[in-house]
1. I'd like the FRET efficiency for residue 35 and residue 4, computed as 1/(1 + (r/R0)^6) with the beta carbon distance as r and R0 of 41 Å, rounded to 0.05.
2. Suppose each label sits 7 Å from its Cα in the direction of the beta carbon; what would the residue 28-residue 43 distance come out to in nanometres?
3. Given R₀ = 25 Å, FRET efficiency for residue 82-residue 112 by Cβ-Cβ distance, to 0.05?
4. Could you work out the per residue convex hull volume over the alpha carbons of region 1-50, in cubic angstrom?
5. Using a Förster distance of 22 angstrom, determine the FRET efficiency expected from the C-beta separation of residue 123 and residue 72, and round it to 0.05.
C-alpha cells in the first residue's frame, strides 16, 4: 500500500515538475511575446461599414485607458464617417461639463468627430449591461465594438 502511494506521489511530482520547467523555459523565451503580438497585430477587415462605434468606460476619464480608447474610436469615426459613436459610461448624478462622460465627448470632438454623431449612454451601472444593450439594438450586424473591459 505504501509503495502504491509512493508511486502515485512520485509520478505526480515528476509531472508537476516537468510542467513547471516547461513553463519556466517558455517564460524566458520570446514565444509569449510573439503570441501576444500576433494576436494584437492581426488586421480585421470589415465587409460593411459599421453603423455604430461603441466605447466602453473602463477606468473612466481622464486615464490612459480611456484616452487610448478614445484615440482609436476617433480613428474609426474618421474612417467610417456615417457611423454613430456611443460612449457608455455609467453616471448616477447630473452630467455637468466636468463629468467623465462629457470629457470623453470633448476628447472625441477635439479629434474631429462631430457632436451630432456622438451619443452618451449613462443608464447602466457597469459596462456589461451597456454592451448587451447595444448587441441587442444592432442585432450583431454592422457593429464595430472597440473594447470590452471586464472589471472584476
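1. Values: r = 40 Å, r/R0 = 0.98.
Here the calculated transfer efficiency is 0.55.
2. So the label points at residue 28 and residue 43 sit 3.8 nm apart.
3. 0.95
4. On the way: hull volume 5.4 nm³, N = 50.
So the per-residue hull volume is 109 Å³.
5. Result of the calculation: an efficiency of 0.40.
Read-outs throughout are calculated quantities, based only on the coordinates presented, and are distinct from any laboratory measurement. Remember, predicted model here, so these are calculated numbers, not experimental data. Using ideal geometry, Cβ is built from the backbone for each residue, glycine included, and neighbour counts are taken over all protein chains shown.
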